[in-house]
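Report on the following structure.
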Amino acid sequence: MALAKLKSDATEARLVGVTLPEGAAWSNAARADALARVRQMGLPTKRDEYWKYTNPSELTAAEAPKAAVFDAGEVPLFDAVDRLKIVFVDGVFDTDASDELTGEGVEIERLADAMAADIHWAKELYGVLETRGQTPVERPLAALNTALATDGVVIRATGKVAKPIHLVYLHKDETSDAVLHNLVKVETGAEVTLLENGPAAARFSGCLEVEVADGGSFHHVRAQGRDHERRTVTHCFARVGAESSFKSFTLTVNGVMTRNECVLEIIGDDAIAHVAGVCVGDGNDFHHDDTVFITHDALNGESRQVFKKVLRNGATGVFQGKILVKEGAQKTDGYQISQSLLLDDDAQFLAKPELEIYADDVACSHGSTSGAIDETALFYLRSRGVPQYDARNLLTLSFMAEALDEIADPSLAEELRDRLEGWLARRS
Amino acid sequence: MLEIKGLKVKLEDEDKQILKGLDLTVETGKVHAIMGPNGSGKSTLSYVLSGKDGYEVTDGSAELEGEDLLDMEPEERAAAGLFLAFQYPVEIPGVGNMTFLRTAVNAQRKARGEEELSAGDFLKEVRAKAKDLKIDADMLKRPVNVGFSGGEKKRNEILQMAMLSPKMCILDETDSGLDVDAMKLVADGVNALRSEGRSFLVITHYQRLLDHIKPDVVHIMADGRIVKTGGPELALEVENNGYSDILAEVS
Ligand SMILES: Nc1ncnc2c1ncn2[C@@H]1O[C@H](COP(=O)(O)OP(=O)(O)O)[C@@H](O)[C@H]1O
Ligand SMILES: [Mg+2]
């Protein structure tokens, strides 16, 4: 009881002075409901089982810790891609910097506009998948996002969307505390690519709800910025229909605290859902957590979780991943791999892979490894004349290849690979 | 070309002496063979010459064209012209064979102050050499040695050798795990590289490879030393009588 009291006190401390954004009746109700759920669950603490490896205190603190603004001095990611660009500065939509919100096969609106409309498809999605994703494991920070989100976009793909939609998250204020919530609805047979990049704010909470209808395809590539001091928590909730495809890849470079949760539900037969990520971290204060929960609730589903972490200098990586195969979800093919490459003895990787299977005709596999550079391979490369430093970098990149291969568009994969090469080169 | 004098090598972590005063000179343009029973230290010799960790040289020297090999990093030895075809080629998941080859070729050119090969020239050269070794485009695309059969791995070693055109080629049991056809391919690949300026040290347990790659000199190695040196007829002696007679004779 003492613990519960502590938790509710901490939660109330976070909520002091908080006002919910106003919109149409349905959106006010969704936000109020989310806030009530936050109060009922309480914000997470490091005592929670689900936060055993990651201390959420900086994510739940009433005030966001400061984060210096970082100028990478390089061409922004995806700059050369022919895309529809939507810019947020410290979590606020920037009309001037953004393209017009129109595109072939797609409807795009600012979240606030959608939430102000009395009748809007967003009603069926906003906070809905998030709420579903609260069982069997509670994710109070996602509910907090639903309650507080001030900006974001809602995207409805009705056909094959020609250009990727690119959300650019700039960070210019060292005290900013941004809460963004995005919705993506992929209609039957439609296809869309969503790109996201940038640190977003000193502290950032991002929530993405994605509904992929039968035969739809959602392709997501995201990079979380090179800022060293940022704190980030993101949630992606997705529900995918029959013969649909969902693919999400995240690159994390630097940052002190990152928790990326992905909650996926396969509800239609013959669907595929892949989530992958690469993180590279350097230094004692780097902490990166991937927490994934994939539910198979249909026939012949294929899911993949591929996570690779390169850690050095006391950096910490965490992976919590689960495949839940419900009764009747026969012929499920579930694959999960989480691996870390520890570039020195100080770095650490904590992994909790889980399988829970209630169907008898499934093929699920999972593996988790943690290791150093393969000395035999290193010698092989050097014996061919490749200098030690280049050989190490080549092996490090090759370690990440399986995750990068999950990016369907090779030019996007190549661009991220180049950035990773840059990160390694800066640490020579 | 290669001059080894009184080489003594022990394991770094263990009190185990493997090479016990080995002398060997390979002249420029010649093909030398080393034969010897398993465990005599043949692979250790090849590793020590190419700079693998885990061994400690306690005495002796090894020079490549007058340069102290033992003082160089592995990549420097490679750039100086040394090449080892591994007994057990290493698999490198995630690194494409082509990328690997190009990285290696250009790294060596750079180390020697030469210009890098353009992508086009490189491709042309690889394709031609791969064709001779019956290495198909798919094998070039796949990650280095991953999922390759034993024979494919060995052919891939020879392809690397051909692309890097080293001065001193060491082949460690390149015949092991090869059927007759594959052995012929590998031997043809090696023979095509024979030239006045290039030397070979062919390590093998069996005589059969030497039917295809005719050596100028044959050495018998036992217990960390060269115990007997002769012409190609020495290989035939081993073939006919095994090692025991020779070993008994020299002990
Ligand atoms: N890294 C090592 N660790 C332990 N023993 C080794 C190692 N390398 C070589 N040896 C031992 O040294 C001896 C010679 O091995 P090796 O050079 O592989 O012989 P060969 O190639 O002639 O068969 C063997 O007894 C082998 O077990
Ligand atoms: Mg051997």
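I'm trying to understand the selection: among the residues of the stretch B:48-61, which are open to solvent by 50 Å² or more (accessible area, probe 1.4 Å), over 14 Å from residue B:6 (Cβ atoms) and more than 16 Å from ligand 2 (Cβ to nearest atom)?
Going residue by residue through the stretch B:48-61, those that are open to solvent by 50 Å² or more (accessible area, probe 1.4 Å) are B:52-53, B:55-59.
Add one more test, that the residue is over 14 Å from residue B:6 (Cβ atoms), and what stays is B:52-53, B:55-56.
B:53, B:56, listed by residue number.
Can you pull out the residues in the stretch B:204-228 that are open to solvent by 60 Å² or more (accessible area, probe 1.4 Å), within 16 Å of ligand 1 (Cβ to nearest atom) and within 17 Å of the chain's Cα centre (by Cα)?
Matches in the stretch B:204-228: B:206 only.
Within the stretch B:94-107, restricting attention to residues that are open to solvent by less than 10 Å² (accessible area, probe 1.4 Å), in a helix (DSSP H, G or I) and touching a Pro at 6+ places or on another chain (Cβ under 9 Å), which residue is farthest from the other protein chains (Cβ to nearest Cβ)?
B:97
Given the conditions (1) more than 16 Å from ligand 1 (Cβ to nearest atom); (2) open to solvent by less than 10 Å² (accessible area, probe 1.4 Å), and given that residue B:201 satisfies all but one, which numbered condition is not satisfied?
(1)
Residues of the stretch B:128-170 being over 23 Å from residue B:30 (Cα atoms), small (Gly, Ala, Ser) and either within 13 Å of another protein chain (Cβ to nearest Cβ) or open to solvent by less than 30 Å² (accessible area, probe 1.4 Å) (or both), which ones?
Residues satisfying the conditions are B:130, B:151.
With the checklist (1) under 27 Å from residue B:211 (Cα atoms); (2) away from every other protein chain (no Cβ under 14 Å); (3) open to solvent by less than 30 Å² (accessible area, probe 1.4 Å); (4) touching a Phe, Trp or Tyr at 6+ places or on another chain (Cβ under 8 Å) in hand, flag the one item residue B:40 doesn't pass.
Evaluating residue B:40 over (1) under 27 Å from residue B:211 (Cα atoms); (2) away from every other protein chain (no Cβ under 14 Å); (3) open to solvent by less than 30 Å² (accessible area, probe 1.4 Å); (4) touching a Phe, Trp or Tyr at 6+ places or on another chain (Cβ under 8 Å) leaves (4) as the failure.
Across the stretch A:113-130, what is the total count of residues that are in contact with a strand residue (DSSP E or B) (Cβ under 9 Å, 6 or more places away or on another chain) and crowded, with 18+ Cβ neighbours inside 10 Å?
Matching residues across the stretch A:113-130 total 10.
Return the total of residues in the stretch B:27-37 being open to solvent by less than 10 Å² (accessible area, probe 1.4 Å) and either within 15 Å of ligand 1 (Cβ to nearest atom) or within 14 Å of chain A (Cβ to nearest Cβ) (or both). Before the answer, list the steps.
Of all residues in the stretch B:27-37, those open to solvent by less than 10 Å² (accessible area, probe 1.4 Å) come to B:31-36.
If we keep only those that are either within 15 Å of ligand 1 (Cβ to nearest atom) or within 14 Å of chain A (Cβ to nearest Cβ) (or both) as well, we get B:33-36.
Total meeting the criteria: 4.
Here is a list: B:63, B:76, B:125, B:115. Which entry is more than 8 Å from chain A (Cβ to nearest Cβ), part of a loop (DSSP other than H, G, I, E, B) and in contact with a helix residue (DSSP H, G or I) (Cβ under 8 Å, 6 or more places away or on another chain)? If you could, list the steps in order and put the result at the bottom.
Working: B:63 fails: part of a loop (DSSP other than H, G, I, E, B); B:76 fails: part of a loop (DSSP other than H, G, I, E, B); B:125 fails: part of a loop (DSSP other than H, G, I, E, B).
Result: B:115 is the single residue among B:63, B:76, B:125, B:115 that is more than 8 Å from chain A (Cβ to nearest Cβ), part of a loop (DSSP other than H, G, I, E, B) and in contact with a helix residue (DSSP H, G or I) (Cβ under 8 Å, 6 or more places away or on another chain).
Output the residues belonging to the stretch A:124-153 that are closer than 19 Å to residue A:290 by Cα and in a loop (DSSP other than H, G, I, E, B).
Within the stretch A:124-153, A:133, A:134, A:135, A:136, A:137, A:138, A:139 qualify.
Out of B:69, B:82, B:45, B:64, which single residue is within 16 Å of ligand 2 (Cβ to nearest atom), open to solvent by less than 30 Å² (accessible area, probe 1.4 Å) and not polar (S, T, N, Q)?
B:45
Which ones in the stretch A:206-222 are assigned to a strand (DSSP E or B) and open to solvent by less than 20 Å² (accessible area, probe 1.4 Å)? So that I can check it myself, show each step before the final result.
Within the stretch A:206-222, the first condition is being assigned to a strand (DSSP E or B), and the residues that meet it are A:206-212, A:217-222.
Those that are assigned to a strand (DSSP E or B) and open to solvent by less than 20 Å² (accessible area, probe 1.4 Å): A:206, A:207, A:208, A:209, A:210, A:212, A:218, A:220, A:221.
Going by the structure shown, is residue A:362 within 14 Å of chain B (Cβ to nearest Cβ), surrounded by 15 or more Cβ atoms within 10 Å (Cβ to Cβ) and at pLDDT 95 or above? Show your work before the answer.
Numbers: within 14 Å of chain B (Cβ to nearest Cβ): no; surrounded by 15 or more Cβ atoms within 10 Å (Cβ to Cβ): yes; at pLDDT 95 or above: yes.
For residue A:362, the condition - within 14 Å of chain B (Cβ to nearest Cβ), surrounded by 15 or more Cβ atoms within 10 Å (Cβ to Cβ) and at pLDDT 95 or above - is not met.
As an exercise: evaluate residue A:370 against (1) closer than 23 Å to residue A:78 by Cβ; (2) more than 12 Å from chain B (Cβ to nearest Cβ); (3) not basic (Lys, Arg) and give the number of the one condition it does not meet.
Going through (1) closer than 23 Å to residue A:78 by Cβ; (2) more than 12 Å from chain B (Cβ to nearest Cβ); (3) not basic (Lys, Arg) one by one, residue A:370 breaks only (1).
Whether any residue in the stretch B:43-53 is touching a strand residue (DSSP E or B) at 6+ places or on another chain (Cβ under 7 Å) and not in a helix (DSSP H, G or I) is what I want to check. Lay out the reasoning, then the answer.
Residues of the stretch B:43-53 touching a strand residue (DSSP E or B) at 6+ places or on another chain (Cβ under 7 Å): B:43-50.
If we keep only those that are not in a helix (DSSP H, G or I) as well, we get none.
Checking the stretch B:43-53: not a single residue is touching a strand residue (DSSP E or B) at 6+ places or on another chain (Cβ under 7 Å) and not in a helix (DSSP H, G or I).
For the stretch A:398-428, give me each residue that is hydrophobic (A, V, I, L, M, F, W, C) and more than 7 Å from chain B (Cβ to nearest Cβ).
A:400, A:403, A:404, A:407, A:408, A:412, A:413, A:416, A:420, A:423, A:424, A:425
State yes or no: is residue B:91 within 13 Å of chain A (Cβ to nearest Cβ), under 22 Å from the mean Cα position of the chain (by Cα) and surrounded by fewer than 18 Cβ atoms within 10 Å (Cβ to Cβ)? Outline the logic, then answer.
On the way: within 13 Å of chain A (Cβ to nearest Cβ): yes; under 22 Å from the mean Cα position of the chain (by Cα): yes; surrounded by fewer than 18 Cβ atoms within 10 Å (Cβ to Cβ): yes.
So residue B:91 fits the description; yes.
Which of (1) in contact (Cβ under 8 Å) with a residue 60 or more places away in the chain; (2) open to solvent by less than 10 Å² (accessible area, probe 1.4 Å) is the odd one out, the single condition residue A:60 does not satisfy?
All conditions pass for residue A:60, except number (2).
Take residue A:141 and decide whether it is farther than 20 Å from residue A:277 by Cα, touching a residue at least 40 places away in the same chain (Cβ under 8 Å), in contact with a Lys or Arg (Cβ under 9 Å, 6 or more places away or on another chain) and open to solvent by less than 30 Å² (accessible area, probe 1.4 Å).
Answer is yes for this residue.
Pull up the stretch B:1-26, narrow it to residues that are in contact with a strand residue (DSSP E or B) (Cβ under 7 Å, 6 or more places away or on another chain) and part of a loop (DSSP other than H, G, I, E, B), then point me to the one that is least open to solvent (accessible area, probe 1.4 Å).
B:1
Among the listed residues A:396, A:376, A:369, identify the single one that is under 18 Å from residue A:252 (Cα atoms) and among the polar types (S, T, N, Q).
One residue alone meets the criteria, A:396.
Scan the stretch B:188-203 and tell me whether some residue there is within 14 Å of chain A (Cβ to nearest Cβ), within 20 Å of the chain's Cα centre (by Cα), more than 16 Å from ligand 2 (Cβ to nearest atom) and more than 29 Å from residue B:242 (Cα to Cα).
No, that holds for no residue.
The values are calculated or read from the model by the stated rules, or taken from the named source; none is laboratory data. As the structure is a computational prediction, the values presented were derived from the model and not from experiment. Here Cβ is always computed from backbone atoms with ideal geometry, including for glycine, and neighbour counts include all displayed protein chains. Only protein heavy atoms, including side chains, enter the accessible area calculation; ligands, DNA and RNA are left aside. Shrake-Rupley method; radii C 1.70, N 1.55, O 1.52, S 1.80 Å.
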